[in-house]
Amino acid sequence: MYRITLILLFIMVPSCKSWTPGNKVTSADLKWSVKMANSIINRSDSLIYYVDRNPKWAYDVAFLGMAIDRLGDIDPKYSKYMEDWVNYFVGPDGSIIDYRKEEYNLDRLFPGRNVMTLYQRTNDIRYRYALGNLLGQLKDHPKTKSGGYWHKKIYPWQMWLDGIFMGSTFMAQCASVFDAPEWYDIACNQVKMIYEKTLDQNTGLLMHAWDESRQQKWCDPETGKSHYPWSRATGWYTMAIIDILEYLPQDHPDRDELIEILNKTCEAILKVQDKKSGLWFQVLNQGGREGNYIEGSGSAMFSYVFARGARKGYLDKKFIRIAGKAFDDIIRELITTDEKGFLTMHNICGGCGLGGNPYRDGSYEYYINEKRVDNDTKGVAPFILAAIELDR
């Protein structure tokens with residue numbers, strides 16, 4: 001009987017840590033959110049060096065820190081993981097290592113959301129100074145003639161779906177924290193504008209980007225739209241709407257329109273869900289085409305958006321069930337566990353952009369051939385968020 005009990009104990013221990021007799025097994029240890037966070041911390045005990053040994057003020061690492069920080073009520077070590085990263089970059093005078101305003105890069109604004117979180121927790125003035133520096137970029141940031149923020153100075157006249165998550169969520173959070181309602185209006189305008197500019201009327205899907213000048217090789221010369229709906233770009237955009245709604249006042253005049261855009265986009269996403277895997281392809285509307293593959297970050301983002309959107313009442317309750325099923329499919333299709341119980345997430349696109357040098361032409365071949373990276377921040381972060389939202 002003792003041997004059977006001991007065997008059962010080894011089977012039931014949490015898969016994210018090495019178990020020894022005497023360790024207390026809690027319900028939190030069994031959660032996928034905690035198992036993934038522990039796996040990340042095991043790979044790098046400092047978020048500062050998670051990607052490489054040359055720390056950068058980067059949106060993707062900040063996004064992972066944000067996700068893990070949301071487990072802080074389980075154990076303060078998870079919040080400290082994010083806090084240490086912010087404190088490495090933000091100096092006593094609010095200066096930020098590796099941040100340059102003159103780049104006018106929306107990606108560089110997103111880490112400011114973690115700075116705002118720490119400012120609210122501590123009221124430390126250095127965080128306020130840092131946020132003032134970031135807001136200074138927004139006040140001078142170049143725009144299209146129609147008022148859309150350029151994704152980066154090096155990409156003139158271009159709006160990318162990614163940029164709504166990077167810049168507009170920062171605006172909305174600033175509006176809430178600093179009682180500056182003008183930023184609500186600007187953030188909502190960016191959401192609505194890029195929806196109009198990138199929407200494919202036939203499918204309801206959104207193309208990755210829009211070039212107002214119609215000069216880029218990657219865009220349609222008539223509409224300025226890029227030619228393909230990239231999974232993660234759509235994920236960034238729908239997550240952005242979820243986050244903006246979190247801060248937006250209930251009586252804001254754009255609230256209902258943002259919810260309508262979210263609903264239409266999520267319904268379009270459902271129509272291109274792969275029936276076999278239950279997940280989504282790298283190029284959303286090219287399921288089954290040679291070279292296309294089930295991509296981890298977009299699939300995790302959609303699971304999170306569906307779950308949170310339904311729980312908050314923005315989406316139909318059916319999306320809770322869909323989100324849970326998709327999360328199960330991610331675990332089956334994309335997650336492996338090593339001999340120590342640590343998780344690895346596979347088939348995450350390392351990154352896709354447009355233009356630049358060497359030039360990225362936005363072709364189907366371009367999207368499917370970009371490098372895939374195990375445990376990339378942009379996949380494991382939304383996996384954690386989806387797990388938290390689904391209480392898994």
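In this label model, Tyr88 and Asp256 are separated by 4.7 nm, measuring between points 7 Å along each Cα→Cβ vector.
Rounded, prolate or oblate: which fits segment 174-330, taking a ≥ b ≥ c as square roots of the Cα gyration tensor eigenvalues, rounded meaning a/c under 1.5, else prolate when a/b beats b/c?
oblate
With R₀ set to 22 Å, the beta-carbon distance separating Lys153 from Glu370 gives a calculated FRET efficiency near 0.40. Helix 318-334 versus the longest principal axis of the chain: what is the Cα-based angle in degrees, 0 to 90, to the nearest 10? Once rounded, one gets 70 degrees. Taking only Cα atoms, what is the 0 to 90° angle, nearest 10, from helix 59-69's long axis to the longest principal axis of the chain? In the chain, helix 59-69 runs at an angle near 40 degrees to the longest axis. The lysines whose alpha-carbon is closer than 24 Å to the alpha-carbon of Lys192, local same-chain residues fewer than 8 away aside, are Lys139, Lys143, Lys145, Lys152, Lys153, Lys225, Lys264, Lys271, Lys312.
Inverting the pair-averaged 1/r between distinct Cα atoms of segment 334-373 gives 12.0 Å as its Kirkwood hydrodynamic radius. Only helices enter this figure: runs of n ≥ 4 DSSP H residues, each worth -39500 (n - 2.57), summed and divided by the residues of the chain, yield -15000 deg cm²/dmol at 222 nm to the nearest 500. Gyration tensor analysis over the Cα atoms of segment 284-345 returns equivalent ellipsoid semi-axes of 24, 19, 8 Å (largest first, whole Å). Between helix 231-247 and the chain, what is the angle of the helix's C-alpha long axis to the longest principal axis, kept within 0 to 90° and rounded to the nearest 10? Helix 231-247 sits roughly 90 degrees off the main axis of the chain.
Under the simplified labelling scheme, the Arg43-Thr336 pair shows an inter-label distance of 1.3 nm, with each label point 7 Å from Cα along Cα→Cβ. Summary value for the chain: 16 percent relative contact order, contacts being C-alpha pairs under 8 angstrom separated by 6+ residues.
Volume per residue for the chain equals 151 cubic angstrom (convex hull of Cα atoms). Which shape class applies to segment 45-145: rounded if a/c is under 1.5, otherwise prolate when a/b exceeds b/c and oblate if not, where a ≥ b ≥ c are the square roots of the Cα gyration tensor eigenvalues? The shape class here is prolate. Across all Cα pairs in segment 206-246, the calculated P(r) in 5 Å bins from zero up to the longest distance comes to 6, 26, 21, 16, 16, 10, 4, 0 percent per bin.
None of the figures in this text is laboratory data; all of them are computed from the coordinates on show. Since this is a predicted model, take the numbers as computed values, not measurements. Note that each Cβ is placed from the backbone with ideal geometry, even for glycine, and that neighbours are counted across all protein chains shown.
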